[in-house]
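K.L.:
Handing you a structure now.
Values quoted throughout were computed directly from the atomic coordinates according to the rules given, and no laboratory measurement underlies them. Keep in mind it's a predicted model, so treat the numbers as computed, not measured. Cβ placement follows ideal geometry from the backbone for every residue including glycine, while neighbour counts extend to all protein chains displayed.
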Amino acid sequence: MKTMFKLCVILFSLCFVSSAFAKGPIVGKWKTIDDETNEAKSIVEIFEKEGQYYGKIIELFLKADADQNPTCDKCDSDDPRKDQPTLGMEIIQGLQANGDSYSGGTILDPKKGKEYKCKITRDGDTLKMKGSILFFSRTQTWYLVE
């Protein structure tokens, strides 16, 4: 009887672990930290859609004297996110799993209106988010919220 119980526990554990990885190791809610000020900026929810990964801003950490409803006023005029509210904006688009990392997509900095090629690697409860344009790159560390 104990053997049967142990077998059930092992099978349940394997199913749980495999279903967690099926969602993708970067899926979840992440606290973003500004690479220039080292302050928390937002919560981004990363999700999988049709085999690619996307992320949208679901919460902003704004100072009392800041615009409480910022928009992407510096985005390119041909970008559909131009002048749209930052809260709810999809800033990560089209990432694909590539071994231990995710790449092939883009990330938008709505404050600067710049879009970067994006590469994400996960290390436990942190993501290393690297955005690059030509030879210039920025790296941020994001922290798992949930």
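K.L.:
So what is the relative contact order for region 26-144, in percent, with contacts set as C-alpha pairs under 8 Å and at least six apart?
P.N.:
Numbers: 276 pairs, mean separation 25.3, N = 119.
It rounds to 21 percent for region 26-144.
K.L.:
Please give me, ordered by residue number, the GluC sites (Glu not before Pro) of region 25-86 that lie in loop per DSSP and have at most 14 other Cβ atoms within 10 Å. Don't skip to the end; give the middle numbers.
P.N.:
Details: sites: GLU36, GLU39, GLU45, GLU48, GLU50, GLU59; in loops: GLU36, GLU39, GLU50.
Those that pass, being in a loop and sparsely packed, are GLU36, GLU39, GLU50.
K.L.:
Starting from region 33-111, pick out the trypsin sites (Lys or Arg not before Pro) whose DSSP state is loop and whose Cβ has at most 10 other Cβ atoms within 10 Å. Each step should come with its number before you reach the end.
P.N.:
Details: sites: LYS41, LYS49, LYS56, LYS63, LYS74, ARG81, LYS82, LYS111; in loops: LYS63, LYS74, ARG81, LYS82, LYS111.
Here the trypsin sites (Lys or Arg not before Pro) that fit, given the DSSP loop and packing criteria, are LYS63.
K.L.:
If you don't mind, another one. With only Lys, Arg, Asp and Glu charged, each at its Cβ (+1 for the first two, -1 for the last two), find how big the charge dipole of region 26-144 is about the Cα centre; round to the nearest 20 debye.
P.N.:
Numbers: 18 positive and 21 negative charges, 49 e Å.
In total the dipole reaches around 240 debye.
K.L.:
Suppose the chain between SER137 and ASP83 were pulled fully straight at 0.36 nm per residue; how much longer would it get relative to their current alpha carbon spacing? Please list the in-between numbers first.
P.N.:
Values: separation 54, 0.36 × 54 = 19.44 nm, distance 2.49 nm.
Between SER137 and ASP83, full extension yields 17.0 nm more.
K.L.:
Separate question: What chymotrypsin sites (Phe, Trp or Tyr not before Pro) in region 25-98 are in a loop by DSSP, with at most 15 other Cβ atoms within 10 Å of the Cβ?
P.N.:
Values: sites: TRP30, PHE47, TYR53, TYR54, PHE61; in loops: PHE61.
Listed in order of number, the matching sites are PHE61.
K.L.:
Out of VAL27, THR71, ILE43, whose Cα points farthest toward the positive end of the dipole of region 26-144 (charges: +1 Lys, Arg; -1 Asp, Glu; placed on Cβ)?
P.N.:
VAL27
K.L.:
Mind listing the phi-derived Karplus ³J(HN,Hα) values for region 135-146, rounded to whole Hz, using 6.51, -1.76 and 1.60 with θ = phi - 60°, and x for any glycine or proline?
P.N.:
My calculation for region 135-146 gives 9, 9, 9, 10, 10, 10, 10, 10, 10, 4, 9, 8 Hz in order.
K.L.:
Take region 26-144, compute every pairwise Cα distance, and split them into 5 Å bins from 0; I just need the percent in each bin.
P.N.:
2, 11, 21, 27, 22, 12, 4, 1, 0
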